[in-house]
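Engineer: Here you go, one structure.
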Amino acid sequence: MRRLKLGVMISGNGSNLQTLIDACENPDYPAEITIVVSNRPDAFGLERAESAGLPAIMVDHKTFDNRTDFEDTVHNILKDHGVQLVCLAGFMRLLGTDFVNRWKDRMINIHPSLLPSYKGLNTYVRALEDGVRFAGCTIHYVRPEMDNGPIIMQAAVPIAQDDTPETLATRIQGYEHKIYPEAVRYIATGAVRVSGNKVIFGDPTMIPSKGLISPKPSNLS
């Protein structure tokens, strides 16, 4: 089985990196990590990569005179390691148009909201302040516009009345860890394709037929 070669880009703790590491340890999983890149020297994800025996490189963006030089360096690292799919996993820098376009439809990101709602930062706080009934997370192909691009997979998480940003974040991150490896699996096995600004699934039965309601109506069991 040919395995899709992943390059994972991180800036911090690397919990989603860890879920990909764990998934790739299964010999039946159709992808493997060939390089981990961090733009911060103190990112704990670098230790996760080292513990897993994966090559990891720190490219400190602060040491570059401009974004273009930084992104060219990262691009060359990814190419040198044969990367076929770039996985942004808590990478906390906006990437320039040229870099994104070089990896168009070959770079994905995870965002802690149900896009296109709540782009940007502080998603948990904003959702709670607005009183919405569902929050969640989204995996999407990356486009030059922030938190934009064809959506591959989402998890909707009901918001409890006593939720805080911290408790909501914990629950949503649990779903992030479930869907990121699955989204990579879909891509690696050819189960999805991009058509315009949408992701099309080859098997329509993969899409759930039932919706979610919150709060639950009294006439529903």
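The values are calculated or read from the model by the stated rules, or taken from the named source; none is laboratory data. From a predicted model like this one, the values you see are computed outputs, not experimental measurements. Don't worry about glycine lacking a Cβ; one is built from the backbone with ideal geometry, like all the others, and counts go over all protein chains shown.
Engineer: Residues of segment 107-116 being buried (at least 16 other Cβ atoms within 10 Å of the Cβ) and either farther than 16 Å from Leu168 by Cα or basic (Lys, Arg) (or both), which ones?
Structural biologist: Taking segment 107-116 and keeping what is buried (at least 16 other Cβ atoms within 10 Å of the Cβ), we get 107-115.
Answer for segment 107-116, where residues must be buried (at least 16 other Cβ atoms within 10 Å of the Cβ) and either farther than 16 Å from Leu168 by Cα or basic (Lys, Arg) (or both): Met107, Ile108, Asn109, Ile110, Leu115.
Engineer: Follow-up question, since we're still on this one. Considering only residues that are touching a strand residue (DSSP E or B) at 6+ places or on another chain (Cβ under 9 Å) and charged (D, E, K, R), look in segment 1-26 and name the one that is nearest to Leu46 (Cα to Cα). Quick ask: steps written out before the conclusion?
Structural biologist: Filtering segment 1-26 down to residues touching a strand residue (DSSP E or B) at 6+ places or on another chain (Cβ under 9 Å) leaves 3-12, 14, 16-17, 20-21, 23-24.
Then keep just the ones that are charged (D, E, K, R); that gives 3, 5.
Values: Arg3: 23, Lys5: 18 Å.
By that ranking, first place goes to Lys5.
Engineer: Give segment 23-46 a look and list any residue that's without any contact (Cβ under 8 Å) to a residue 24 or more places away in the chain and in a helix (DSSP H, G or I), or say none.
Structural biologist: Once the filter is applied, which keeps residues that are without any contact (Cβ under 8 Å) to a residue 24 or more places away in the chain and in a helix (DSSP H, G or I), segment 23-46 yields only Cys24.
Engineer: Scan segment 74-85 and give yes if some residue there is in contact with a Phe, Trp or Tyr (Cβ under 6 Å, 6 or more places away or on another chain) and of a type in the set (A, V, I, L, M, F, W, C), otherwise no.
Structural biologist: Taking every residue of segment 74-85 in turn, none turns out to be in contact with a Phe, Trp or Tyr (Cβ under 6 Å, 6 or more places away or on another chain) and of a type in the set (A, V, I, L, M, F, W, C).
Engineer: Search segment 80-93 for residues being in contact with a Lys or Arg (Cβ under 9 Å, 6 or more places away or on another chain) and of a type outside the set (S, T, N, Q), and hand back the single one that is surrounded by the fewest Cβ atoms within 10 Å (Cβ to Cβ).
Structural biologist: Taking segment 80-93 and keeping what is in contact with a Lys or Arg (Cβ under 9 Å, 6 or more places away or on another chain), we get 81-86, 92-93.
Those still in the list that are of a type outside the set (S, T, N, Q) too: 81-83, 85-86, 92-93.
Numbers: His81: 17, Gly82: 10, Val83: 24, Leu85: 19, Val86: 26, Met92: 13, Arg93: 15.
Top of the filtered list is Gly82.
Engineer: Determine whether Arg133 is within 24 Å of Arg185 (Cβ to Cβ), among the basic types (Lys, Arg) and modelled with pLDDT of 95 or more.
Structural biologist: Details: within 24 Å of Arg185 (Cβ to Cβ): no; among the basic types (Lys, Arg): yes; modelled with pLDDT of 95 or more: yes.
So Arg133 fails the test.
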